[in-house]
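Structure first, commentary second.
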Amino acid sequence: MGDNMAITLLCGRTLNDEKASEEDKSHAVKLLDDLCEIQFGPAFKIKGDIAYKHGHISKAEDLYQDCLDTNLSQELNSVKIECLRSIGVIRFNNYDLEQAKLYFQLAIAEAEQPSQVMDCHFYLSQILEEDKDRARYHLEQAARFGLKQSFAPLGFLLMNYFNRPDIAVEWFDLGNSIGDFNSIVGLFDVSIKQKKYDVARKAFENIEKLTPDEDTLAHFKKSRRLGLEALQLQNSTLASAQAAPEENPKGRWDF
């Protein structure tokens, strides 16, 4: 299998190389076709990747399924997971959510390392969003293994549905540390909720810097009007306290 895998990977690199000659690309296609003839699964997978890249989505799905139909050995488990995941994404984008769920679940069941399928968990959290407990489970799985897109949705779910701002803030903080805009918005919301106005103030400053246009910023201000009013009141109170003259208490014998 080693030689066939090396040939397959080399063909994939050639077909993805914009500088490769047409002759080299034609030869790569022929080699992949030959490998498909002997039912070498990874060759179908590479052809599927190329088809997907060029927008031939249905053809890509067929090739991924052809790869799975070759009964991949355990040694090729990662290839199997990638095909299951890819079909799941195609089905998800086609709004065939039941089939998408099936393929994502199969990928998770086959995975040897949870980090291989963290995005499958993220997709499942969206498919199962009506079931808050299951959505939370899948978001937590995705977030724990570093999928940054899951930090903010998990934080909002914990804060708004499960009423756990104490846990939500941890995920918003993590997203904030890598500059994730939605996490910064979440950090503002949870800080207002917890009356941590210094954190909220800093988050709002970051939102103003990172907001792509005035319309988006205006929408944020409108949707967070009460929170911003609370922050403004806190700022005014703080400013008044700082401006007040310092009292020098007198002793009982001072005149």
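Laboratory data are not the source of any read-out in this text; all were calculated from the coordinates shown. Just so we're clear, the structure is a prediction, and the values are computed from it rather than from any experiment. Cβ sites come from the backbone with ideal geometry, for glycine too, and all protein chains shown count toward neighbours.
Based on what the data block shows, is ASP189 under 17 Å from the mean Cα position of the chain (by Cα) and in a helix (DSSP H, G or I)? Let's see the steps before the verdict.
Details: under 17 Å from the mean Cα position of the chain (by Cα): no; in a helix (DSSP H, G or I): yes.
Criteria not met by ASP189.
With a cut-off of at least 3 residues that are over 28 Å from LEU128 (Cβ atoms), name the helices (runs of 4 or more DSSP H) lying wholly within region 1-109. I'd like the intermediate steps shown before the answer.
Details: elements: 2-16, 22-37, 41-53, 57-69, 77-93.
Qualifying helices (runs of 4 or more DSSP H): 2-16, 22-37, 41-53, 57-69.
Against the condition farther than 26 Å from SER115 by Cβ, charged (D, E, K, R), surrounded by 13 or more Cβ atoms within 10 Å (Cβ to Cβ) and free of Cβ contacts under 8 Å to residues at least 12 places away in the same chain, how does LYS59 come out, does it pass? Write out each step before concluding.
Details: farther than 26 Å from SER115 by Cβ: yes; charged (D, E, K, R): yes; surrounded by 13 or more Cβ atoms within 10 Å (Cβ to Cβ): yes; free of Cβ contacts under 8 Å to residues at least 12 places away in the same chain: yes.
Considered against the rule, which asks whether it is farther than 26 Å from SER115 by Cβ, charged (D, E, K, R), surrounded by 13 or more Cβ atoms within 10 Å (Cβ to Cβ) and free of Cβ contacts under 8 Å to residues at least 12 places away in the same chain, LYS59 comes out as yes.
Determine the pairs where a residue that is over 16 Å from ASP33 (Cβ atoms), located within region 1-13, has a partner that is part of a helix (DSSP H, G or I) with Cβ atoms under 7 Å apart, the partner being 6 or more residues away or on another chain.
From region 1-13, the pairs are MET5/PRO42.
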